[in-house]
Amino acid sequence: MSNELRIGIIIGSTRPGRVGDQVANWVHEHAARLGDASYEVVDLADFQLPLLDEAVPASAGRYEHEHTRAWAEKVAGYDGFIFVTSEYNHAPSPALLNAISFIYGEWNDKAAAIVSYGAVSSGVRAADKLRSTLGELQIADVRTQLAFSFFHDFENFSVFTPGEKHVATLQTLVGQLETWAKALQGVRVAKLEAAAAA
C-alpha cells in the first residue's frame, strides 16, 4: 500500500446540462494546490453504470459484471473521496446513490468530504442524507463541507462563479480529509496484517 494519499473527487451527477463537473474541476484545482495528497476527478458518466444489476449483495464482493469490476477497481485505488453532489428532491442524485451501492468493500475504512450545490438550501439536505449512506459503508465523513448556491455561486444558474471566501473553507475541508484519510490508511494496513497473521 502506497504511503501517498490518493483522493478521488467524484462528480455525482450524470444529467445532461449538469454543472457538477464545473464544481468538481474547481475543487480539484484548489485542493491540489492546498493539500498534500494526489487529487483526481472521477466522472460517473465515464462508467456507464446501469441501474444496480448485480444479483449478489455488494457486501459479498462477488461482482458479476465488467462495469461493476471496473468501478470497483477505480474506487479501490483511493484513500479518500470528495463527493460533489447535487440535490434532487432533498436527496443526492439517483446516479450517485446507484454508483455507491454497486460496491462495498472498496469503500470501507476510507475518509470522505462532501461538496454540495443546489437552489434554496445549497444542497445541504442532500449532503445530510448522503452522510447516513456513507456511514453504512464504513466511510468516515469529515465535518467541514462546502455548499454552493445557484443564486449566489452561479451566473445565470449555469456558469460556476464561486466567491473567494469558499477557498478558505475548502482548505479546512482538505486538511480534515487528508488527516482522516491518513489515519484510516493505517487502519487498513493493520487489518491486512492481522488477516495475514491469522
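Being closer than 27 Å to Ala72 by Cα, in contact (Cβ under 8 Å) with a residue 40 or more places away in the chain and either surrounded by 12 or more Cβ atoms within 10 Å (Cβ to Cβ) or under 18 Å from the mean Cα position of the chain (by Cα) (or both) is true for just one of Lys129, Lys182. Which residue is that?
Working: Lys129 fails: in contact (Cβ under 8 Å) with a residue 40 or more places away in the chain.
Every option except Lys182 fails the conditions.
How many residues does the range 1-42 hold that are under 30 Å from Leu192 (Cβ atoms), part of a loop (DSSP other than H, G, I, E, B) and of a type in the set (A, V, I, L, M)?
Total satisfying the criteria: 3.
Condition first: under 23 Å from Gln185 (Cβ atoms), surrounded by 12 or more Cβ atoms within 10 Å (Cβ to Cβ) and either of a type outside the set (A, V, I, L, M, F, W, C) or in contact (Cβ under 8 Å) with a residue 40 or more places away in the chain (or both). Now tell me which residues in the range 59-79 satisfy that.
Within the range 59-79, the subset under 23 Å from Gln185 (Cβ atoms) is 59, 61, 71-79.
In the following step, the residues that additionally are surrounded by 12 or more Cβ atoms within 10 Å (Cβ to Cβ) were identified as 61, 71-79.
Matches in the range 59-79: Gly61, Glu73, Lys74, Val75, Gly77, Tyr78, Asp79.
Looking at Val120, Val167, Val159, which is the one that is closer than 17 Å to Tyr39 by Cα and either touching a residue at least 40 places away in the same chain (Cβ under 8 Å) or loosely packed, with under 14 Cβ neighbours inside 10 Å (or both)?
Values: Val120 fails: closer than 17 Å to Tyr39 by Cα; Val159 fails: closer than 17 Å to Tyr39 by Cα.
Going through Val120, Val167, Val159 in turn, just one is closer than 17 Å to Tyr39 by Cα and either touching a residue at least 40 places away in the same chain (Cβ under 8 Å) or loosely packed, with under 14 Cβ neighbours inside 10 Å (or both): Val167.
If only one of Ile100, Ile114, Ile139 is modelled with pLDDT of 95 or more, of a type in the set (Val, Ile, Thr), over 15 Å from Ile11 (Cβ atoms) and surrounded by 18 or more Cβ atoms within 10 Å (Cβ to Cβ), which one is it?
Ile139
Condition first: out of contact with any helix residue (DSSP H, G or I) (no Cβ under 6 Å at 6 or more places or on another chain) and not in a helix (DSSP H, G or I). Can you find one or more residues in the range 94-104 that meet it?
Checking the range 94-104: not a single residue is out of contact with any helix residue (DSSP H, G or I) (no Cβ under 6 Å at 6 or more places or on another chain) and not in a helix (DSSP H, G or I).
The values are calculated or read from the model by the stated rules, or taken from the named source; none is laboratory data. Bear in mind that the values here come from a model prediction, so they are computed numbers and not experimental data. Cβ atoms come from the backbone with ideal geometry, glycine included; neighbour counts cover every protein chain shown.
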